[in-house]
Amino acid sequence: MAIPITITCECGRAIQTDLGERVVCECGRAYDTSQVPREKRAAVVAAQTQFRVYMWFGILFIAGAAVTGYLVHGMVGLLLAAPCVALFWFRVVQPRVSARQRKALADLPSWTIEAG
Ligand SMILES: [Zn+2]
């Protein structure tokens with residue numbers, strides 16, 4: 001699974017890459033991002049996994065509401081329940097999860113990779 005990271009080179013350029021890749025800056029310095037400490041890598045992967053779990057939970061939540069609406073009120077119930085729950089999920093729950101996710105990733109200490 002690709003984990004996007006940004007490397008700030010000693011020359012000041014920011015290089016976008018995936019964790020584990022070897023990148024060469026325009027100035028000639030090379031960085032091997034597989035040197036990233038394992039526990040930091042694990043923390044990033046854990047945060048990504050958690051986010052996927054939330055996403056699936058949301059999909060099931062919306063599908064469940066649609067089915068419940070259908071069972072209780074038939075087609076009308078489905079057409080009313082699904083958009084309401086989807087709206088609730090994407091307007092209320094999702095932004096909070098995303099914000100927490102961003103914060104969790106921002107809290108990860110940054111690390112220094114020596115040019116090699
Ligand atoms: Zn550079």
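The values are calculated or read from the model by the stated rules, or taken from the named source; none is laboratory data. Keep in mind it's a predicted model, so treat the numbers as computed, not measured. Here the Cβ is made from the backbone with ideal geometry for all residues, glycine too, and neighbour counts use every protein chain on show. Note: accessible area is taken over every heavy atom of the protein model, side chains too, but ligands, DNA and RNA are not part of it. Shrake-Rupley method; radii C 1.70, N 1.55, O 1.52, S 1.80 Å.
Quick notes on this structure:
- ASP32-LEU19 pseudo-label distance in nm [points 7 Å out on the Cα-to-Cβ vector]: 1.9 nm
- The calculated 222 nm mean residue ellipticity attributable to helices in the chain amounts to -20500 deg cm²/dmol, summing -39500 (n - 2.57) over DSSP H runs of n ≥ 4 and dividing by all residues.
- Taking the protein heavy atoms of the chain in the context of the full set of protein chains, the accessible area attributed to carbon and sulfur is 62 percent at 1.4 Å.
- Probe 1.4 Å, all protein chains present, accessible-area order of VAL24, VAL44, VAL92, largest first: VAL24, VAL92, VAL44
- Cysteines (scope the chain) whose Cβ has no counterpart Cys Cβ under 4.7 Å: CYS84
- Whole-Hz couplings from phi, Karplus 6.51/-1.76/1.60, listed for the stretch 95-103; x for Gly and Pro: x, 5, 5, 4, 4, 5, 4, 4, 5
- Per-residue ³J(HN,Hα) for the stretch 74-85, Karplus 6.51 cos²θ - 1.76 cosθ + 1.60, θ = phi - 60°, Hz, x for Gly and Pro: x, 4, 4, x, 4, 5, 8, 5, 4, x, 4, 5
- What the Cβ-Cβ distance of VAL67 and ARG41 gives, at R0 = 35 Å and to the nearest 0.05, is a FRET efficiency of 0.35.
- Neighbourhood charge, 10 Å Cβ-Cβ cut-off, centred on ALA115 and excluding it, Lys, Arg +1 and Asp, Glu -1: -2
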